[in-house]
Structures are given as C-alpha cells and as structure tokens.
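Written below as structure tokens is the structure these notes are about.
All of the numbers you see were taken from the coordinates with simple rules; none came from a lab. Here the structure is a predicted model, which means the values were calculated and not measured. Neighbour counts run over all protein chains shown; Cβ positions are idealised from the backbone, glycine included.
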Amino acid sequence: MKVPQVIKAAVLGLIGTGVAGNGYLTYQNQLEHTQTVEQLKQELNQSNGTVQNLRNTLQKDQTSMQSLSTQISALNRELGTRITLDQIISAVSQVTPSTVRVEGQVERLNPFTGEIQRGTVIGSGVIIIGNHGERYILTNGHVTEGSEIRRNGTKDSVYHIKVYNGSDYRSPVEFDAAPVILSNGERAYSSPDKNDLALLLIPPNVELPRNVVCVRMRDITQHPLQLGEPVFAIGNPFGERDSVSFGHISHTDRRAEGLNINHHIQTDAPINPGNSGGGLFSVRIIDGRPVVELVGINTWGYRGSDGVGGSIRVDYIQQVLRGWGVRLSQ
C-alpha cells in the first residue's frame with residue numbers, strides 16, 4: 001500500500017521536529033549542568049576560602065593561647081616568689097623559739113656610797129646546732145664581755161639563759177651556759193672592735209622545747225643580699241621578751257662607728273639595747289614555702305635614731321665560726 005506523499009511529509013516533519021526538540025533539550029540540560037558545576041565550583045572555592053580563614057583564625061587563637069599560657073606561667077612563677085602576710089607570720093614563728101635571752105652580771109662601784117653594786121646585763125642570742133649535735137648560743141661579744149656570773153664562788157663563768165619558746169612567757173626554760181672553750185684553751189670570743197661575736201655551750205642535760213630548731217644561715221654567695229629587701233629582727237629590747245620588728249636592708253656593706261671593717265648590714269628595723277646578739281632574718285620562697293634564713297647578728301644602733309641599726313653580716317659570722325672549728329648541721 002502506498003502512503004500518500006502528504007502523509008510522509010507530515011510524519012517526517014514530526015520526526016524532524018522531535019529530533020530537533022530532543023537536541024535542544026540535551027543542549028539545555030548540558031548548559032544547566034555546566035552552570036550548576038560552575039556554581040558548585042564557586043561555592044566550593046568560597047567554602048575553601050572560609051575554611052582557610054577559619055584555619056588562620058584558629059592558628060592565631062592558638063598562638064594567642066600559647067602566649068597567654070606563657071604569660072600565666074611567668075606570672076605564677078613570679079607570684080610563687082612573692083611573700084604573703086601569712087607566710088611572714090609563719091616565718092616569724094619558725095625562728096622565734098630559737099631566740100634566747102642572755103643575762104649577765106656586772107659589778108659597779110657606787111661613787112656615793114663606795115659600795116659594789118651588782119647589775120644585770122641583758123642581751124639576746126640565737127640557737128645553732130653543730131654537725132655532731134652540739135647546741136650553741138651565738139651572741140655578741142660585747143654581751144658577754146665583763147658580765148660573767150660566778151656560781152658558788154667558783155671561777156666558772158656562766159651566763160643565765162631563758163628560752164621563752166616564742167609564746168610561753170610564764171614558764172621559760174632556764175639554764176646556765178658557759179663560754180665555748182676552743183682547742184687552744186681560749187674562749188670562742190671576738191672582741192667588739194673586731195667581729196664582736198661569742199659562742200656559749202648549752203649543757204647536754206638541758207631539754208629544749210621541741211620547736212627549737214637550728215637557725216639556718218643564708219649563703220649570700222648564692223643568694224646575695226638586696227637593697228630594700230625585707231628583713232625582721234628578733235630579740236629582747238629593753239628586756240622585752242621575744243620582740244619582733246620589721247624593716248629593710250638599707251646597706252649591705254656598712255662600716256660601724258669605731259670599726260675599720262665593712263661587714264655590717266645597715267637596716268631600718270629597730271635595734272635597741274637588749275637586741276644585741278639577736279638575729280636579723282630574711283625570708284625566701286623555696287618550692288612554694290617560706291624559708292627563714294639568718295642574714296646577720298644585731299649589734300648596734302645610732303643613739304637618737306630609730307631607723308639606723310647594724311648587724312654583723314652572715315658571711316663574716318660563718319667565717320668566724322669556721323675559724324673556731326664549728327660546723328653547722330644545716
């Protein structure tokens with residue numbers, strides 16, 4: 001059967017239209033796909049930029065955190081070396097029990113009656129312990145000079161010692177202590193015009209309070225004294241027991257009046273009669289705790305001045321003790 005030409009033409013026209021339409025749809029789909037891909041690429045690039053910005057921000061934050069952590073660590077180290085009021089109170093309580101009252105006796109001629117009168121000389125001292133357990137009292141030479149007490153009419157010279165234990169003022173531990181005799185037969189004594197130090201021996205049978213410890217001496221070759229460094233003095237000014245006064249180091253190498261040796265610490269911590277022989281102490285923080293160290297033995301104060309006093313510097317004290325053959329337990 002023959003298909004009319006008109007019908008053939010119509011069918012072919014439809015087929016052609018379909019082919020052309022299909023081609024248009026395919027092109028349109030490809031175009032949309034391409035546009036979608038480009039859009040996704042742009043979004044991906046934007047996302048990559050955002051991620052990079054976040055990375056940069058995070059890196060800056062990490063750097064800031066590390067810097068902040070370093071600053072905090074430095075601050076903690078700095079604060080760890082600062083001394084608080086509670087630590088000062090603790091430091092004072094460590095060494096107050098090891099401070100003693102030294103009493104001697106002097107005889108003076110009364111110019112009006114011609115009679116010999118006896119008077120009491122009062123000074124201070126600190127307890128130190130030798131490396132074999134010997135217990136000593138370190139004080140000033142001028143505290144013991146010419147003020148020996150002779151018991152029972154003998155030639156034995158002693159000094160009366162009172163240990164108030166830092167708080168027990170009613171029942172102090174009392175005993176007599178004799179001067180330390182060196183191997184050459186002389187006393188452990190240095191006159192006031194030299195080093196002005198003396199050493200007394202605590203009898204073995206004397207039972208000291210449990211909280212009495214050997215006073216630790218500062219090694220100023222490793223830890224030099226600093227101008228303005230806080231210090232405190234403990235002693236018996238005018239006979240007042242276990243008196244604590246605070247001040248600073250005003251000078252580390254002062255020459256005392258009448259002496260030609262520059263071995264005194266000048267301090268504005270009040271030093272009065274009766275303070276002589278007592279300790280001048282500093283406080284350092286070691287491993288987070290306060291450690292009290294002897295930096296001097298209080299020796300002099302200018303009359304009429306409340307802020308100029310002197311202490312024999314600890315390195316000279318150590319030198320004198322070594323010369324006497326004394327090695328400490330610390």
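May I ask for the Kirkwood hydrodynamic radius of the stretch 98-201, worked out over all distinct Cα pairs and given in angstroms to one decimal?
Details: mean 1/r = 0.0678 Å⁻¹.
After inverting the pairwise mean of 1/r, the radius is 14.8 Å.
Go through THR144, SER183, VAL100 and say which Cα lies farthest out towards the positive end of the charge dipole of the stretch 98-201; charges sit on Cβ, +1 for Lys and Arg, -1 for Asp and Glu.
Going by the charge dipole, the pick is VAL100.
Read phi for every residue in the stretch 132-149 and hand back ³J(HN,Hα) as whole Hz from Karplus 6.51 cos²θ - 1.76 cosθ + 1.60, θ = phi - 60°, with x for Gly and Pro.
Running phi through 6.51 cos²θ - 1.76 cosθ + 1.60 with θ = phi - 60° gives 10, x, 5, 10, 10, 10, 9, 8, 7, x, 6, 5, 9, 6, x, 10, 5, 9 Hz.
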